[in-house]
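Chemist: Take this structure, written in structure tokens, and hold onto it; I'll ask about it next.
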Amino acid sequence: MTKMAFFSLPLLVLLGCNSTSQPAQLPYPYPGQYPQQVPQAVPGQYPEIPGQPAPPVGGTPPRSPDKPASLWMPGEPLPPTFGTGAASPDEFGRTIVQAFNTRNTAGVLALFPSKGQLSAILECTGSGDQFGEMEKTRNALANELYDAWKRNEIYSLVAVSAGDSIMNMARGTERKGCTAADDIAIRKYVVSLTINRNGQATTGRHAYVLLHIGSLNRWFVVDD
């Protein structure tokens, strides 16, 4: 799994947080059989995020006739759909599972915060480039979804844990040179899954770090 640099490097470390302990890692959870609608790509909705992943070594692989239209593949620009999030951690679990099972890249990326949302919640001095690695992380997640399709994997959500607190900051409070411009909370949740590959089922868990933005009352994935 790729670590999201925005929180795992500049901000979680900057703010004195620790989210390094994780349960056993499994292939990325993409589960679900929930009827919840997954956000679709809206061209130009978030113009501040470019995102042009490099094609794989050897060029772009040939398209399969049964490749879903909603599935991004290496060499294509990422759908600019960041910033929707989820209403709750449970909804996050259902949404990411549904998006992976329907091979909906835009729906997965919509669970990440946009650059504008992140820059609006914390005002930090001397923190450097807080966003430089974000596109790399999102590209890596899109590749995970593409690989899941090639492996013919389907996921079912078993449960989302109660969550462990990593950090809470009320609007106007300061920590490690940063002032919160919004009420924010960062918590780690464990998603339990059943993974089915060609009729063979296994179970496992994966940890996600979620950010809650108070003014939006939404949860966003910021690390895994």
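Laboratory data are not the source of any read-out in this text; all were calculated from the coordinates shown. Note that the structure is predicted; figures quoted are calculated from it, not measured. All Cβ positions, glycine included, derive from the backbone under ideal geometry; neighbour counts span all protein chains shown.
Chemist: Is there a pair in Lys115/Lys188; Lys136/Lys188; Lys67/Lys188; Lys67/Lys136 whose C-alpha atoms are over 26 Å apart, and which pairs would that be?
Modeler: On the way: Lys115/Lys188 21 Å; Lys136/Lys188 22 Å; Lys67/Lys188 33 Å; Lys67/Lys136 24 Å.
Result: Lys67/Lys188 exceed 26 Å.
Chemist: I would also like to ask the following. Place +1 on the Cβ of every Lys and Arg and -1 on the Cβ of every Asp and Glu in segment 69-224, take the dipole about the Cα centre, and give the residue among Leu193, Cys124, Asn168 whose Cα lies farthest towards its positive end.
Modeler: Selected residue: Leu193.
Chemist: Place a label point 7 angstrom from the Cα of Arg197 along the Cα-to-Cβ direction, then list the residues of segment 138-154 whose backbone nitrogen is under 13 Å away.
Modeler: 147-154
Chemist: How do Trp219, Trp149 line up, fewest other C-beta atoms within 10 Å first? Write out the running numbers ahead of the final one.
Modeler: Values: Trp219 25, Trp149 19.
Ranked by crowding around the Cβ, least crowded first: Trp149, Trp219.
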